[in-house]
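Below is one structure, written out as structure tokens, with a few remarks after it.
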Amino acid sequence: MTTVADAGTVDERLENYIGYRARVGVVIPSTNTAVEYDLGKIAVPGVTWHPGRFFVESPALDTDDAFLVFLELIRAEIPVAVRDLLTCEPTCVMMGM
């Protein structure tokens, strides 16, 4: 679709005919093997899912201290995944864990 903005510039991007209602960005840990499968089961006309992963190195979650270390690790990784995900211009972003 070509549109002319008020400033007189031309937008040559393609019309979003698949995700015309919503493009949902989904931030997922690299170790998660279920969220993308589950998203595939949710078929909503006009809604598309756009997963972006953040790196998780062998999460040990067997103690409270290990879980706190895990949280610190993912807090450092999530901003990069979100940055990359935002390039598809999602309507909204959710976290799938």
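Values in this text are rule-based calculations from the coordinates and carry no lab data. Note that this is a predicted model, so its numbers are computed, not measured. Ideal geometry is used to build each Cβ from the backbone, glycine not excepted, and the neighbour counts take in all protein chains shown.
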Item to check | In sequence order, calculated HN-Hα J values of segment 87-97 (Karplus, 6.51, -1.76, 1.60; Hz; x Gly/Pro) | outcome: 5, 8, 6, x, 5, 8, 10, 10, 10, x, 10
Item to check | Cβ charges +1 (Lys, Arg) and -1 (Asp, Glu), total dipole of segment 18-95, debye | outcome: 540 debye
Checklist outcome for this item: Here FRET efficiency (C-beta to C-beta, D65 to A22, R₀ 41 Å, nearest 0.05) is 0.55
Next on the checklist: I'd like to know which of L85, A60, T48 lies farthest towards the positive end of the charge dipole of segment 18-95, counting +1 on Cβ of Lys and Arg and -1 on Cβ of Asp and Glu.
Outcome noted: T48
Item to check | Amide H contacts of V26 (H built 1.01 Å from N, under 5 Å, at least 5 apart or other chain) | outcome: H50, G52, M94
Next on the checklist: Explain nothing, just compute: Karplus ³J(HN,Hα) = 6.51 cos²θ - 1.76 cosθ + 1.60, θ = phi - 60°, for every residue of segment 31-47 in order, whole Hz, x for Gly and Pro.
Outcome noted: 8, 7, 10, 10, 4, 4, 4, 4, 4, x, 7, 9, 9, 10, x, x, 10
Item to check | Net length gained if the chain between V47 and V93 were fully extended (0.36 nm per residue, minus Cα distance) | outcome: 15.3 nm
Checklist outcome for this item: Applied in sequence order to segment 59-66, the curve 6.51 cos²θ - 1.76 cosθ + 1.60 (Karplus, θ = phi - 60°) yields integer Hz couplings, x standing for Gly and Pro, of x, 9, 10, 8, 9, 4, 5, 5
